[in-house]
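Notes to accompany the following structure.
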Amino acid sequence: MAKKMWGGRFKKKVDSYFFEFQKSISYDYKLAEYDIYHSIIHVIALKEANILEAPEAKKLISVLSDISKEVKEGRFKPNPNSEDIHTDIQNRVEKKVGKLAHKLHTLRSRNDQVVFDEKWYCYKEGVYILGLLNVILASLNHWGGKYRKVFIPGYTHTQRAQVVSFLNYTGAFFCMLERDFERMDSFLKKSSIYVGSGALAGSAIPRSAYSEAIKKFLVHTKGELQHSKSETVRNSLDNVASRDFVIEFLSILSILQMHLSRMAEDFIMYSTKEFGFFDLPDEFCTGSSLMPHKKNPDFLELARGNTGRVYGNLLAVLITMKGLPLTYNRDMQLDKEPLFSSTKIVKDELKIMNDLISKIKLNKDRIELVLEDEELYATELVEFLVYEGVPFSDAHKVIGKLTVYSRDKNIKIKDMPDKTLKTFNEKLNHRLVRKIMNPEYAVSSKKSLSAHKRVSSAKSK
Ligand code: ARG
């Protein structure tokens with residue numbers, strides 16, 4: 001058991017089994033970088049408040065900066081016996097500067113640190129996720145552009161519905177992920193990261209000292225943090241008690257995960273022999289240990305399956321926070337594993353999905369075969385009749401009957417003579433039907449769309 005940050009008022013030693021149970025170092029070490037930010041701001045504030053001498057502050061900042069370097073270079077190894085990351089860094093500083101470290105935590109609480117650290121984590125990861133979204137948006141654009149002349153069957157209820165352009169299809173996922181981008185972007189824009197809450201009631205260090213500390217800290221980090229809004233605290237009780245930012249971040253990830261999962265499902269389905277539209281890249285599939293012919297879409301299945309975990313993580317934090325009395329409660333320590341888990345899952349999926357998209361091949365022969373299904377053009381026949389002045393519900397009925405007739409008699413509509421067609425409606429004829437029941441015609445007859453241009457270019461962030 002490493003040195004703890006409390007204990008004076010206890011007569012008995014903490015139970016070792018319980019100590020293990022309550023530790024968070026095995027996961028909150030991920031917050032090390034941000035915890036050091038908090039410490040540096042705090043040391044500057046203590047100096048501004050004349051609690052620390054300038055040389056003392058300088059020494060502490062220099063040691064903290066060394067630890068920060070270790071973290072950034074991946075050399076930081078947390079002591080597994082530490083209670084949490086805050087304690088770990090405190091002990092580390094003590095090892096390097098001895099007793100001076102006892103002044104580091106002056107008038108400070110881990111309650112203030114932990115929320116500061118987590119907000120920073122969400123901020124940094126959010127910026128990273130925006131970058132990944134940008135890349136996948138560009139790939140979707142590129143993919144659609146590459147097959148811009150291709151038409152595919154569109155589905156409702158997983159039943160063949162109408163023909164759409166492939167660009168329109170990829171554009172649908174583009175639009176979904178673009179909204180995810182906007183959601184994350186607006187989350188980041190409104191994020192505020194506070195210092196000065198103390199344990200809950202505020203701190204005896206003056207607000208002006210904190211403001212000065214934040215200003216100096218921002219100079220110290222040379223603009224690296226310019227997008228964040230580090231501020232002196234607005235309401236200290238709210239700050240230490242609230243984790244709605246974690247819930248919001250997990251909600252954004254959950255919606256994004258839903259989109260990735262739907263994309264995965266489409267790709268799985270379209271790559272089955274039954275559909276056969278897509279050929280998935282070998283690199284992201286696995287084989288069967290028994291059946292030699294198999295190529296299984298394992299990445300896509302795992303991406304779809306992870307939705308259970310990502311939604312579960314959101315629900316776990318929502319439920320943990322429900323009904324907690326103000327302000328900080330230890331229950332709140334349990335928000336970290338769900339937060340880290342969903343972040344990692346979504347980041348990994350965005351990266352791999354992007355690589356997979358760039359390598360999926362379209363099986364045009366198979367797609368063209370399916371596009372010969374005349375039922376895909378039934379709606380276009382109705383549209384034609386409507387423009388010829390036939391009331392919509394009459395036209396709908398006529399084409400419905402024609403479709404059933406074609407199926408029952410096993411004769412293609414395109415092969416029916418004028419005589420037969422005219423028994424359904426006098427406006428129908430062989431030449432016309434052949435013109436309408438065609439992918440180019442079907443897609444170009446949709447005048448409400450923006451000329452099937454490529455969707456707006458990817459974000460510049
Ligand atoms: N490990 C704690 C958490 O993640 C840090 C805050 C501890 N505060 C306390 N009063 N025990 O929530």
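Quick notes on this structure:
- Criterion: out of contact with any Cys (no Cβ under 9 Å at 6 or more places or on another chain) and within 16 Å of the ligand (Cβ to nearest atom) - qualifying residue of I89, I129, I152: I89
- L350 vs. criteria at pLDDT 95 or above and either touching a strand residue (DSSP E or B) at 6+ places or on another chain (Cβ under 7 Å) or in a helix (DSSP H, G or I) (or both): yes
- Listed by position, the helices (runs of 4 or more DSSP H) inside the range 32-113 whose residues that are farther than 21 Å from V219 by Cα number at least 3 are 85-97.
- Of all residues in the range 94-126, those being within 16 Å of the ligand (Cβ to nearest atom) and free of Cβ contacts under 8 Å to residues at least 60 places away in the same chain number 0.
- Contact map, the range 58-80: first residue modelled with pLDDT of 95 or more, second residue of a type in the set (A, V, I, L, M, F, W, C) and outside any helix (DSSP H, G or I), Cβ cut-off under 8 Å, separation 6 or more or different chains; pairs are L60/L52; L60/L104; I67/F76; E70/F76; N79/A2.
- Which numbered condition I367 misses (of (1) buried (at least 18 other Cβ atoms within 10 Å of the Cβ); (2) within 27 Å of the chain's Cα centre (by Cα); (3) under 28 Å from I136 (Cβ atoms)): (2)
- Among the conditions (1) within 29 Å of R148 (Cβ to Cβ); (2) out of contact with any Leu (no Cβ under 7 Å at 6 or more places or on another chain); (3) surrounded by 16 or more Cβ atoms within 10 Å (Cβ to Cβ), the only one that I436 does not satisfy is (2).
- For the range 338-354, the condition of being of a type in the set (A, V, I, L, M, F, W, C) and free of Cβ contacts under 8 Å to residues at least 40 places away in the same chain holds for none of the residues.
- The listed residues are T87, T158, and the only one of them that is surrounded by fewer than 21 Cβ atoms within 10 Å (Cβ to Cβ) and more than 21 Å from A57 (Cβ to Cβ) turns out to be T158.
- Condition met for I255 (touching a residue at least 24 places away in the same chain (Cβ under 8 Å), assigned to a helix (DSSP H, G or I) and closer than 23 Å to I319 by Cα): yes
- Checking each residue in the range 1-55 for being among the aliphatic types (A, V, I, L, M), surrounded by fewer than 16 Cβ atoms within 10 Å (Cβ to Cβ) and within 13 Å of the ligand (Cβ to nearest atom) picks out M5, V14.
Each row is one residue, and each column tells you yes or no for (1) within 33 Å of the chain's Cα centre (by Cα); (2) modelled with pLDDT under 95; (3) of a type in the set (V, I, T).
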{"residue": "E83", "(1), (2), (3)": "yes, no, no"}
{"residue": "T87", "(1), (2), (3)": "yes, no, yes"}
{"residue": "V97", "(1), (2), (3)": "no, no, yes"}
{"residue": "H102", "(1), (2), (3)": "no, no, no"}
{"residue": "H105", "(1), (2), (3)": "no, no, no"}
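- Checked against the criterion of being surrounded by fewer than 21 Cβ atoms within 10 Å (Cβ to Cβ) and in contact with a Leu (Cβ under 7 Å, 6 or more places away or on another chain), the candidates H220, H259 yield just one match: H259.
- Within the range 1-18, if we keep just the residues that are basic (K, R) and closer than 13 Å to N91 by Cα, the residue that is nearest to the chain's Cα centre (by Cα) turns out to be K4.
- Taking the criterion of being of a type in the set (A, V, I, L, M) and assigned to a helix (DSSP H, G or I), the residues of the range 263-304 that qualify are M263, A264, I268, M269, L300, L302, A303.
The values are calculated or read from the model by the stated rules, or taken from the named source; none is laboratory data. Note that the structure is predicted; figures quoted are calculated from it, not measured. Positions of Cβ are backbone-derived with ideal geometry, glycine not excepted, and every protein chain shown enters the neighbour counts.
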